[in-house]
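What follows is a set of notes on a single structure, which appears directly below.
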Amino acid sequence: MAVLGLDTSNYTTSAAWFDGQTGRNSGRLLEVRPGELGLRQSDALFQHVKRLPQVVSALLEGERPRDIRAVGASTRPRAVEGSYMPCFLAGASQGQVLSQLLGVPFYAFSHQQGHLAAAAWSAGRLDLLDRPFLAWHLSGGTTELLRVEPEEDGVAVRAEILGGTSDISAGQLIDRTGVLLGLPFPAGKRLEELSRQARKREAYRVKLQGLTFSLSGMENKVRQMAERGADPAETAWFAQETVCRVVLACTQAAMERFPGLPVLCSGGVASNGRLRELLHQSCGALFAPPQYSTDNAMGTAILTWRALERGAEP
């Protein structure tokens, strides 16, 4: 017995199955033209509709789930009123069609809830979903520090934003730096590889306003470095280290405000090795393996299983 989860974010088409213990995720990045910093929603939606059959086919190669008892999908970015992004229509609509054909319930979750569930499960701490904890959602479009607690039905979680960026996200700074240096979008993995070659390793200390900070000024500094011909590896290190240091400082401030709460890091930026090193050593932060830090459908499948197991209403 298993469930199927779908996630069609602004970066990745993905599908996953989960049987309560183990599962499998299949995903494919959306194609972005060289030099560009993302996709229009209409283009993202088109690619999802075209690729979902291929992603599901790849998911079912080899080991297959025996019996699909429920289908779930990410239907919006966050679990708050007014949260909407057209690209999620692809997974939501096809998930509802599948549930009707199979005669099984359909469960809707947010992309952020899926990220948190995937991170908790793959870090070996699915129990976190049943208690309050602190979390980072660090991605190409989101840099939010959250206080998370279980929803009333005990299936998914609700998140209160404590802080994060007041302007561009950590992922946007990293991606824009990478594209500026000639790296393909999304640039996180290759920017990290480039940064390791830096001999001069500097960073800027971003000021915290409570638990909030601004990164737009860092984008200007990175551009100035590139314009004056700074070594690309040193520019990459500067951008990455600045992000890592301010996220660390913000985490430490939050832990002082909410003592005793564990910290879970999710989202594509959370796969950065330097960030993982700093936050694990200084804060004991928990991280998903890189394949479950980036956008994936595993978290949606896990939440779908929890909903089915606990008899939640679709």
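Note on GLU152 and HIS280: their simple-model spin labels are 4.0 nm apart, each label 7 Å out from Cα toward Cβ. Subtracting the Cα-Cα distance of ASP167 and THR212 from their residue separation scaled by 0.36 nm leaves 15.2 nm.
Here the label points at LEU126 and TYR204, each 7 Å from Cα along the C-beta direction, are separated by 4.4 nm in the simple model.
Residues considered: LEU173, LEU261, LEU138. Largest GNM mean-square fluctuation over the chain, using C-alpha springs under 10 Å, is found at LEU261.
Listed by chain and number, the aspartates and glutamates whose alpha-carbon sits under 13 Å from that of LYS50, ignoring those within fewer than 8 places in the same chain, are GLU31. Loop-located GluC sites (Glu not before Pro) in the range 103-196 (DSSP state other than H, G, I, E, B) with a sparse environment of at most 16 neighbouring Cβ atoms within 10 Å: GLU151, GLU152.
With R₀ fixed at 45 Å, the C-beta to C-beta distance from GLU256 to GLN100 puts the FRET efficiency at about 0.35. Straight-line reach only, C-alpha to C-alpha below 25 angstrom: list the lysines that LYS221 could link to, leaving out same-chain residues fewer than 8 apart. Excluding near neighbours in sequence, the set is LYS189, LYS200, LYS207. Using label points projected 7 Å from each Cα along Cα→Cβ, tell me how many nm separate GLN197 and ARG28, to one decimal. Calculated label separation equals 3.1 nm.
Based on the alpha-carbon gyration tensor of the range 62-151 and its eigenvalue square roots a ≥ b ≥ c, which shape applies: rounded if a/c is under 1.5, prolate if not and a/b is larger than b/c, or oblate? Judged from the Cα gyration tensor, the range 62-151 comes out oblate (a/c at least 1.5, b/c at or above a/b). For the range 240-314, the list of GluC sites (Glu not before Pro) that fall in a loop by DSSP and count at most 13 other C-beta atoms within 10 angstrom is empty. When the helices of the chain are scored as -39500 (n - 2.57) per DSSP H run of n ≥ 4 and the total is divided over every residue, the value at 222 nm lands at -13000 deg cm²/dmol. In the assembled protein chains, ILE161 presents an accessible area of approximately 80 Å² (probe radius 1.4 Å). Structural descriptor for the chain: relative contact order 24 percent, calculated from alpha carbon pairs under 8 angstrom and at least 6 residues apart.
The values are calculated or read from the model by the stated rules, or taken from the named source; none is laboratory data. In this text the structure is predicted, and so the values were computed from the model without any measurement. Counting neighbours? That spans all protein chains shown, and the Cβs are built from the backbone with ideal geometry, glycine included. Surface accessibility is based on the protein's heavy atoms, side chains included, excluding ligands, DNA and RNA. Shrake-Rupley method; radii C 1.70, N 1.55, O 1.52, S 1.80 Å.
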